[in-house]
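Before any comments, here is the structure.
What follows draws every value from the coordinates through simple rules; no lab data is involved. Predicted model, so just to flag it, every value in this text is computed and none were measured. Every residue, glycine as well, gets a Cβ built from its backbone with ideal geometry; the counts of neighbours run over all protein chains shown.
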Amino acid sequence: MILLDKLYEWLDVRINAREVVARELTGYLLPRNINAWYSLGSVLLFIFALQVVSGILLLIYYVPDADKAFTSVATIMNQVPFGWLIRMCHAVGSNMMVLVLLLHMLSVLFMGSYKRPRELNWLTGFILLSLVQAISLTGYLLPWSQLSYWATTVATNSVGAIPVIGQFLVEFLRGGKQVGPHTLGRFFALHVALIPAGIAALIGVHLFLLKRTGISSPPFGRSDTSNHWTGESYHYEKHPGGIPFFPNYLLEDLRSISLYLAFFLAVVFFNPYVFFPSAAFVPANPYLTPAHIKPEWYFLANYQTLKIFPSEIIGLAVQGLAMTFLALLPFIDRGAERHPLKRPVFMTCTVLGLLLWIGLSIWGHYS
Ligand code: HEM
């Protein structure tokens, strides 16, 4: 403790650390009626950090070569001490990241925090969602199993339905006419370098924007600030008399992270194979198409939509329109009201949209 005090003193003399702590931690005030949904962003930060650490550890033994990738993953699972644990944490963690991301997005939707002045928070979040989907898709190929090979073949095939440039894009992604060693090289580079760097940079922008607007007051309970800010000039949402971020809200964040960890480790230890269909245990064979190849659970609705329509291009266009609508939501839904029960049209559309997504996913799973 004395050593820490001395270090703090040493830093304070050099960089005025006390002022930074007072401004960014103890003096950074959050609304008094803040709830646990606001800690999902910190849970996401924690998951991303865990994915980076487990991914780096996997890189020590993984070989990105079509002839060796499957065996190298088998070696990690069966021979490297605790290799199975690291791999399971990484594979289960990628699914959890999408799950928590969707919950974070839903909480932002229901509490109306995407509304003015937080349009940019929403847009950067939306790009983060796309990048997280892309990192999952590219990671799926790396074990070079039957599942990896054929799921990637199906996913890249659907890009071919785009008029004019579709076929070019498919070959660009694959590095040839078929999924093969060149696809593995490309997806590996995207998965371990380009996309993680993009996600890290965007998280930085997302948090910077959050600091510039100030965190929103939840539309429930006794609010300390007005939820109806519609002014024209820049306005930082202060919360006078609010809860200090450190130590108070950090403890709430840590409680949510601990609950998440308990759930995550329960899946890792007791049922990690819930995310692994049987084709994940067979090496890739380009000459043998397995009977039932399905994408991961969060792509099932997209997969089923492509199957419903008579032509793939209509399926792609419908999905493109739905995604564009979601991305531009803060510019379409411009009313100031944020309480979900006072926004009946929004609530009805969101709940119906959610049910449609779940219904399509279940249909995709059993089709
Ligand atoms: C890797 C992904 C993400 C990370 C690490 C992240 C992190 C965070 C953090 C730490 C906060 C502040 C606390 C909170 O409200 O939870 C936040 C707020 C916010 N996030 Fe995210 N987020 C991510 C993805 C998304 C996505 C996908 C969306 C929506 C499309 C989104 C929209 C927002 C909005 C609008 C806020 C402002 C909330 C407010 O001020 O009340 N974020 N995010």
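Within straight cross-link reach of Lys6, meaning Cα distance under 19 Å, which lysines are found once same-chain residues fewer than 8 apart are removed?
none
Let me see the P(r) profile for the range 15-159: every Cα-Cα distance counted, bins of 10 Å, each bin given as a percent of all pairs.
9, 29, 28, 20, 11, 3
Which number comes out as Rg/Rh for the range 242-367 once both Rg and the Kirkwood Rh are worked out on C-alpha atoms? Walk me through the numbers before you get to the answer.
Numbers: Rg = 20.7 Å, Rh = 19.1 Å.
Using Cα coordinates only, the ratio equals 1.09.
Which loop-located trypsin sites (Lys or Arg not before Pro) does the range 68-117 contain, where loop means any DSSP state but H, G, I, E or B and the Cβ has at most 15 other Cβ atoms within 10 Å? Before the final figure, lay out the partial values.
Numbers: sites: Lys68, Arg87, Lys115; in loops: Lys68, Lys115.
Qualifying residues, ordered by number: Lys68.
Hull surface divided by four, with the convex hull built on the Cα atoms of the range 4-43: how many nm²?
Values: hull surface 16.0 nm².
Averaging across all directions leaves 4.0 nm² for the Cα convex hull.
Calculated from DSSP H runs of 4 or more alone, at -39500 (n - 2.57) each and per residue, what is the 222 nm mean residue ellipticity of the chain, nearest 500?
After summing the helix terms and dividing by residue count, I get -20000 deg cm²/dmol.
So for the pair Leu194, Leu210, with labels modelled 7 Å out along Cα→Cβ, what separation do we get in nm?
Computed distance between label sites Leu194 and Leu210 equals 2.8 nm.
For Gln178 and Ala74, FRET efficiency with R0 = 22 Å and r from the beta-carbon atoms, rounded to 0.05? Can you show the working numbers first?
Working: r = 24 Å, r/R0 = 1.09.
In this case the efficiency is close to 0.40.
As a quick test, which of the pairs Lys177/Lys294; Lys68/Lys177; Lys68/Lys307; Lys307/Lys342; Lys115/Lys294 have an alpha carbon distance above 29 angstrom in this structure? If you can, show how the numbers build up before the last one.
Working: Lys177/Lys294 22 Å; Lys68/Lys177 22 Å; Lys68/Lys307 34 Å; Lys307/Lys342 37 Å; Lys115/Lys294 36 Å.
The pairs that break the limit, which is 29 Å between Cα atoms, are Lys68/Lys307; Lys307/Lys342; Lys115/Lys294.
Using the Kirkwood radius over C-alpha pairs as Rh, can you work out the diffusion coefficient of the range 169-257 via Stokes-Einstein at 10 °C, viscosity 1.306 mPa s, in µm² per second? It would help to have the intermediate numbers written out before the result.
Values: Rh = 17.6 Å.
This corresponds to a translational diffusion coefficient of 90 µm²/s.
So which trypsin sites (Lys or Arg not before Pro) in the range 315-367 pass both tests, a DSSP loop state and at most 16 other Cβ atoms within 10 Å of the Cβ? Please report the intermediate quantities before stating the final value.
Values: sites: Arg334, Arg338, Lys342; in loops: Arg334, Arg338.
For trypsin sites (Lys or Arg not before Pro) across the range 315-367 that sit outside H, G, I, E and B with at most 16 neighbouring Cβ atoms in 10 Å, the list reads Arg334.
At R0 = 25 Å, how high is the FRET efficiency between Glu232 and Glu337 if r is their beta carbon distance? Nearest 0.05 is fine. If you can, show how the numbers build up before the last one.
Working: r = 19 Å, r/R0 = 0.77.
Computed FRET efficiency for Glu232 and Glu337 comes out at 0.80.
Considering only DSSP states other than H, G, I, E and B, which chymotrypsin sites (Phe, Trp or Tyr not before Pro) in the range 233-305 qualify as loop sites with at most 11 other Cβ atoms within 10 Å?
For chymotrypsin sites (Phe, Trp or Tyr not before Pro) across the range 233-305 that sit outside H, G, I, E and B with at most 11 neighbouring Cβ atoms in 10 Å, the list reads Tyr234, Tyr236, Tyr287.
Any chance you could give the angle, 0 to 90 degrees and rounded to 10, that helix 83-110 forms with the longest Cα principal axis of the chain?
Compared with the principal axis, the helix lies near 50 degrees.
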